[in-house]
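Remarks on the structure that follows.
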Amino acid sequence: MNQAPGIVAVALVTIATLAIGTWGLRFSRTTSDFLVASRTVGPRLNASAIGGEYLSAASFLGIAGLVLVRGTEMMWYPVGWTAGYLVLLVLVAAPLRRSGAYTLSDFAEARLGSRRVRVLCTVIVVLIGWLYLLPQFQGAGITLQSTLGAPRWAGAVLVPLIVLINVVSGGMRSITFVQAFQYWLKLTALLLPIIVLLIVWVGDGGPHPVDVASSGVSPRAWALPLAGGDAQGLYLTYSLMVATFLGTMGLPHVVVRYYTNPDGRAARRTTLVVLVLLGLFYLLPPLYGALGRVYADTLVASGRTDVLVLELPRLMVPGPLGELLTALVTAGAFAAFLSTSSGLAIAVGGVLGQDVTGRPVRGRRLSGIAAFRAGCALAVIVPCLLALLLPDVGVARAVGLAFAVAASTFCPLLVLGIWWRGLTPVGAIAGLVVGGAGSGAAVIWTLGTLPGPGWASVLLQQPAAWSVPAAFLTMWAVSLATPSKVPRDVHRTMVRLHTPEQVTLERGPRRV
Amino acid sequence: MSERTPPRVRVSGPSRRPTLRPARPRRRQIDDETRLGELYLRSLLREQLRHSALSLLALLLGIGSLPIVFYLAPGLSDVRLLGMPLPWLLLGFAVYPFLVVVGWRYVRSAERTEADFADLVETVDRP
């Protein structure tokens with residue numbers, strides 16, 4: 001195995017990332033630049049940046065491997081990750097931008113006027129962020145191990161280090177350019193190789209991926225889009241749908257991007273472009289899975305399907321061209337780790353900077369930018385240490401659970417907060433606790449044990465289908481029981497969230 | 001001596017009654033939280049929520065129905081169109097344009113509602 005092209009690819013992505021980050025630094029001057037790029041990012045650039053940030057290792061590497069092993073049922077992941085943006089678009093995109101807040105914690109405080117809700121939201125944002133960062137860092141370790149032969153810890157330290165340098169030096173303004181660049185890099189890194197591979201496949205007579213003899217599942221099970229095809233499979237499929245459709249709006253790194261839009265209308269248009277970009281990207285990974293069924297049976301037999309995207313070009317095209325294509329997909333995978341981790345570092349660091357590192361200690365407090373930098377360091381170092389200490393948790397599984405927690409906590413808070421005046425701080429806290437505890441218990445149980453055959457195990461494996469309704473009902477019922485706690489300025493808040501900016505209206509105190 | 005009689009012109013003096021309300025745009029009703037202003041805001045919210053609900057319904061019927069359909073009729077996964085299994089064609093390709101179309105229609109109607117709202121509340125009511 002020749003490692004030179006992979007090393008060159010990783011080095012080039014690193015240099016390009018740092019160079020674009022430094023170039024963007026020239027524009028970053030104020031705290032507002034660091035946190036939200038001063039709200040001046042147009043829909044197309046912003047949509048590319050959202051796409052770049054959102055397409056993590058789970059999308060770039062995970063899906064192809066899962067499709068190879070388990071077939072069409074795994075395509076619900078990319079479908080759900082895209083449909084989540086449609087739900088976000090129709091329920092929260094414009095109001096979220098118009099709320100005029102930096103983070104989810106800001107939104108909660110502005111809407112409900114309660115410090116306690118704010119603190120609870122901050123805790124949940126940080127926990128979701130860490131749950132999402134942990135598998136990214138571990139995945140980076142595995143990728144560098146399989147492509148470069150580097151030790152496992154190298155990738156898990158290198159990625160956080162580059163992210164930290166970039167984020168701390170340039171903040172949101174420069175990261176926007178980096179993320180936009182990385183979307184197009186990831187798309188190219190999957191598109192060019194798959195064109196070559198499809199030509200090779202047609203040249204081989206185009207053996208049908210379903211009918212080919214495989215050491216994996218039977219052709220029928222591979223084509224059926226339900227896990228196992230029984231009632232448990234039906235439950236798992238629908239629960240995954242609930243988690244991905246509703247969880248996207250509650251992910252910290254997705255939400256923070258909305259504050260960089262100039263206004264509510266732009267926020268909607270940005271989301272529409274994101275739908276196009278994600279749809280374009282997600283056409284590709286399943287094709288790798290299908291070709292893998294024809295050409296990469298050795299990976300199924302040895303259980304190394306996570307590296308399918310990295311190995312397939314070498315398996316199908318021997319010689320220098322295969323090495324070149326391998327270098328390209330390695331570059332894309334590395335970009336995937338970097339961009340998602342950067343987005344999460346900014347989001348979690350922003351929240352920590354406001355609520356933890358920005359607080360006065362013995363009468364002294366850090367300035368806005370210094371607090372943001374300290375917050376980012378904290379946001380990255382903790383999951384980096386966890387990645388080194390904990391055994392491998394699996395990218396797709398951990399990311400799926402992060403979606404379930406986000407759907408069970410922030411989705412009810414955002415949807416009810418935006419569309420229902422009756423929400424009270426007490427109701428919000430009750431709902432967040434019920435949804436967070438339910439899905440959180442499922443996370444701990446799932447990461448600690450292996451999935452079993454019983455219904456109890458199935459319900460805990462994919463908690464969203466019961467934890468999301470429970471959170472919604474609790475929030476609604478407790479709010480109804482405490483009508484005296486409805487914030488007094490709810491009218492102003494509703495005006496701010498829903499009326500177009502060009503109409504001059506009293507929108508209450510703006511938080512900028 | 002003129003052949004034509006000039007058309008009759010009605011001459012009236014300025015109204016002596018004081019104007020009841022000063023001229024002001026309707027949006028002030030929203031700032032003052034009057035019942036009329038409340039009505040404007042509620043109708044905006046209801047209209048926007050209706051667009052959202054319709055889009056979510058399209059999502060539910062178009063994509064949310066697929067698992068139950070394949071659960072009830074697993075034979076459908078053996079159907080091939082253009083050489084590809086039907087589930088693959090649906091989940092791998094067809095869903096993405098569908099999502100974009102639903103999103104595009106939503107953005108159009110939401111923007112139209114906002115433009116109508118702006119027209120409505122910027123109207124200046126003269127007594």
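The values are calculated or read from the model by the stated rules, or taken from the named source; none is laboratory data. Given the structure is predicted, the values throughout are model-derived calculations rather than measurements. Ideal geometry is used to build each Cβ from the backbone, glycine not excepted, and the neighbour counts take in all protein chains shown. Quick note on the areas: whole protein, heavy atoms, side chains included, nothing else; ligands and nucleic acids left out. Shrake-Rupley method; radii C 1.70, N 1.55, O 1.52, S 1.80 Å.
Some points to look at:
- Meets criteria (of a type in the set (S, T, N, Q), in contact (Cβ under 8 Å) with a residue 12 or more places away in the chain and out of contact with any Asp or Glu (no Cβ under 9 Å at 6 or more places or on another chain)) for A:Thr330: yes
- Taking region B:36-58 as the range and being of a type in the set (A, V, I, L, M, F, W, C) and within 8 Å of another protein chain (Cβ to nearest Cβ) as the test, the residues that pass are B:Leu41, B:Leu44, B:Leu45, B:Leu49, B:Leu56.
- Number of residues in region A:184-219 that are exposed (fewer than 14 other Cβ atoms within 10 Å of the Cβ), at pLDDT 80 or above and charged (D, E, K, R) equals 1.
- Verdict on A:Leu89 being under 14 Å from the mean Cα position of the chain (by Cα), closer than 30 Å to B:Leu89 by Cβ and modelled with pLDDT of 90 or more: no
- Selected residue (only one of A:Leu344, A:Leu416, A:Leu378, A:Leu385 is on the phi < 0 side of the Ramachandran plot, of a type outside the set (Ser, Thr, Tyr) and buried (at least 24 other Cβ atoms within 10 Å of the Cβ)): A:Leu344
- Of the residues making up region B:87-102, those that are within 9 Å of chain A (Cβ to nearest Cβ), within 26 Å of A:Pro207 (Cβ to Cβ) and open to solvent by 30 Å² or more (accessible area, probe 1.4 Å) are B:Leu90, B:Phe93.
- Meets criteria (open to solvent by less than 10 Å² (accessible area, probe 1.4 Å), of a type outside the set (Ser, Thr, Tyr) and within 29 Å of A:Phe245 (Cα to Cα)) for A:Ala465: no
- Qualifying residue in region A:305-324 (condition: at pLDDT 85 or above and among the small types (Gly, Ala, Ser)): yes
- Residue check, A:Val90 farther than 30 Å from B:Trp104 by Cβ and out of contact with any strand residue (DSSP E or B) (no Cβ under 9 Å at 6 or more places or on another chain): no
- Candidate set: region B:59-77, residues that are open to solvent by less than 60 Å² (accessible area, probe 1.4 Å) and hydroxyl-bearing (Ser, Thr, Tyr); chosen: the one nearest to the other protein chains (Cβ to nearest Cβ): B:Ser77
- Residues being open to solvent by 10 Å² or more (accessible area, probe 1.4 Å) and over 22 Å from A:Val329 (Cα atoms) - total across region A:143-182: 5
- Filter result for A:Ala140 (buried (at least 18 other Cβ atoms within 10 Å of the Cβ), among the small types (Gly, Ala, Ser), outside any loop (DSSP other than H, G, I, E, B) and in contact with a Ser or Thr (Cβ under 7 Å, 6 or more places away or on another chain)): no
- Residues of region A:17-49 satisfying the condition of being at pLDDT 85 or above and closer than 12 Å to A:Val178 by Cβ: A:Leu45, A:Ser48, A:Ala49
- Pairs linking a residue in region A:469-492 that is acidic (Asp, Glu) to a residue that is surrounded by 14 or more Cβ atoms within 10 Å (Cβ to Cβ), with Cβ atoms under 9 Å and 6 or more positions apart or on different chains, are A:Asp489/A:Gly113; A:Asp489/A:Gly508.
- Condition check for A:Val256: away from every other protein chain (no Cβ under 14 Å), more than 19 Å from A:Lys186 (Cα to Cα), among the aliphatic types (A, V, I, L, M) and under 21 Å from the mean Cα position of the chain (by Cα): yes
- The residue of region A:455-512 that is nearest to A:Leu414 (Cα to Cα), among those that are within 14 Å of another protein chain (Cβ to nearest Cβ) and polar (S, T, N, Q), is A:Thr493.
- Flag if B:Arg80 is more than 7 Å from chain A (Cβ to nearest Cβ) and under 13 Å from the mean Cα position of the chain (by Cα): no
- Counting only helices (runs of 4 or more DSSP H) wholly contained in region A:63-111, the ones carrying 3 or more residues that are within 30 Å of A:Asp306 (Cα to Cα) and within 13 Å of another protein chain (Cβ to nearest Cβ) occupy A:63-70, A:76-91.
Per-residue answers, yes or no, for (1) modelled with pLDDT of 95 or more; (2) under 20 Å from the mean Cα position of the chain (by Cα); (3) not in a helix (DSSP H, G or I):
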| position | (1), (2), (3) |
| --- | --- |
| A:Leu388 | no, no, no |
| A:Ala396 | no, yes, no |
| A:Leu401 | no, yes, no |
| A:Ala407 | yes, yes, no |
| A:Leu413 | yes, yes, no |
| A:Arg421 | no, no, yes |
| A:Ala428 | yes, no, no |
| A:Thr446 | no, yes, no |
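- Only one of the numbered conditions (1) under 26 Å from A:Asp297 (Cα atoms); (2) open to solvent by 10 Å² or more (accessible area, probe 1.4 Å) is violated by A:Val67, and that is (2).
- Exactly one residue out of B:Ala118, B:Ala110 is open to solvent by less than 30 Å² (accessible area, probe 1.4 Å), at the interface with chain A (Cβ under 7 Å from one of its Cβ atoms), in contact (Cβ under 8 Å) with a residue 24 or more places away in the chain and within 25 Å of B:Leu36 (Cβ to Cβ), and it is B:Ala110.
- Residue in region A:234-242 that is away from every other protein chain (no Cβ under 11 Å) and under 20 Å from A:Val79 (Cβ atoms) present: no
- Selection within region A:261-276: residues that are more than 10 Å from every other protein chain (Cβ to nearest Cβ) and touching a Ser or Thr at 6+ places or on another chain (Cβ under 7 Å). The member of this set that is most open to solvent (accessible area, probe 1.4 Å) is A:Pro262.
- Filtered residues of region A:437-452 (kept if open to solvent by less than 30 Å² (accessible area, probe 1.4 Å) and among the aliphatic types (A, V, I, L, M)): A:Ala442, A:Val443
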